[in-house]
Amino acid sequence: MSDQDNKFVPIDSELVPRYGGIPTFMRLPYITDPSLVDIALIGVPWDGGTTNRAGARHGPREIRNMSSFIRRINPSSLINPFNLCKVADLGDTGVNPIDIMESMGIIEKFFNGVHAAGAVPLSAGGDHLMTLPVMRGIVKDGPVGMVHFDAHNDTSDDYFGGHKYTHGTPFRRAVEEGLLDPKRTIQIGIRGTMYSEEDWNYSYESGMRVITMDEYFDMGVDGVIAEARKVVGDAPTYISFDVDGLDPVYAPGTGTPEVGGYSTYEAQRMIRGLKGLNLIGGDVVEVSPPFDQTGNTALVGANIMYEILCVLADSLVARC
Ligand code: MN
Ligand code: MN
């Protein structure tokens, strides 16, 4: 498809410089009807599940802003996602910033509509609890697999006296609700000081493949890619990328930083290594602009979104 035939392409940087214009994800058109697009880029400006430093509600706006640095063609895979698929900015979901349950309902309904229209979502958070209502909205045919980049398992049971819905619990809830297949889930980058030796037990006991940073370092990036491909196999798989999986040197603007993580390049390489999987959507979460003094975390978040977009577009074209 040539650019002339495709209105779902970034604004021409020769006509409007990349610092100009109104910021949308990757300078794409803002389109509200999901039936017009293959891949919907969506903001979820919500951090109601945050247990420590807040601010991820401001993530989508800053990721949009920094995504203006992104050009079209992936320098490694040479994928141009905008030639493969119709991609647009679908705007932000609604939220109620003072009501967790109502917000989850609003977000689920939004993604239900995207899924019903036949579009595949790629979202920017928001804190990691948002992935639960996203999955509720798009997982309709049995539990899916997941490649989960994070310093944290996010499989705790509850926080602060029995509260079940926080950004530390979404994937336990997703397993309980039949949305996520733990045996087809891999968690990459797990680390950080613990409350107790049992903190990671649910992930292990439910059958998730947990790759701690110690193991990550021993396996190397290519070993981790091979393991991820083996764990998720050919069945439908979601990619969820918490920016705190990265070392805080690369992504300081996040609520729960943990030292000793992987680099931005290693993350790019891991996502590029997921090419060819059966991908049904993804997200980048936990970018917290109030702690992002240079804007670099939002820049990293935008680029990680782009990397996921490339493998997602490639996967969609392969399935058509
Ligand atoms: Mn997380
Ligand atoms: Mn995390």
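Filter the chain for me: DSSP H helices, axial length by Cα at least 18 angstrom, mean Kyte-Doolittle hydropathy not below 0.0. List them by residue number.
Helices passing the filter in the chain: 100-116, 213-232, 296-319.
Highest mean first, what order results for 309-318, 77-86, 192-201, 165-174 on Cβ atoms within 10 Å?
Going from most to least packed, we get 165-174, 309-318, 77-86, 192-201.
Can you give me the orientation-averaged projected area of the convex hull built on the Cα atoms of the chain, in nm²?
14.9 nm²
Could you give me the ³J(HN,Hα) list for segment 14-23, computed from phi with Karplus coefficients 6.51, -1.76, 1.60 and θ = phi - 60°, whole Hz, x at Gly and Pro?
Values, residue by residue: 6, 9, 10, x, 5, 8, x, x, 8, x Hz.
Pairs of lysines 8 or more apart, or on different chains, with alpha carbons under 21 Å: count those in the chain, would you?
Number of lysine pairs found: 8.
How big is the antiparallel share of DSSP beta bridges in segment 25-319, given as a percent to the nearest 5?
5 percent
Based only on the alpha carbon positions, what is the Kirkwood hydrodynamic radius of segment 88-141, in angstrom?
One decimal place: 11.3 Å for the Kirkwood radius.
Determine the calculated [θ] at 222 nm for the chain from helices alone, applying -39500 (n - 2.57) to every DSSP H run no shorter than 4 residues and normalising by the residue count; nearest 500 deg cm²/dmol.
Mean residue ellipticity at 222 nm (helix-derived): -10000 deg cm²/dmol.
To the nearest 20 Debye, how big is the dipole of the chain about its Cα centre, given +1 on the beta carbon of each Lys and Arg and -1 on that of each Asp and Glu?
920 debye
Report the one residue of CYS85, VAL95, PRO60 whose Cα lies farthest in the direction of the positive end of the charge dipole of segment 39-109 (charges on C-beta: Lys and Arg +1, Asp and Glu -1; origin at the Cα centre).
Of the listed residues, the answer is CYS85.
Only the coordinates and a few stated rules stand behind these numbers; no lab work does. Given the structure is predicted, the values throughout are model-derived calculations rather than measurements. Using ideal geometry, Cβ is built from the backbone for each residue, glycine included, and neighbour counts are taken over all protein chains shown.
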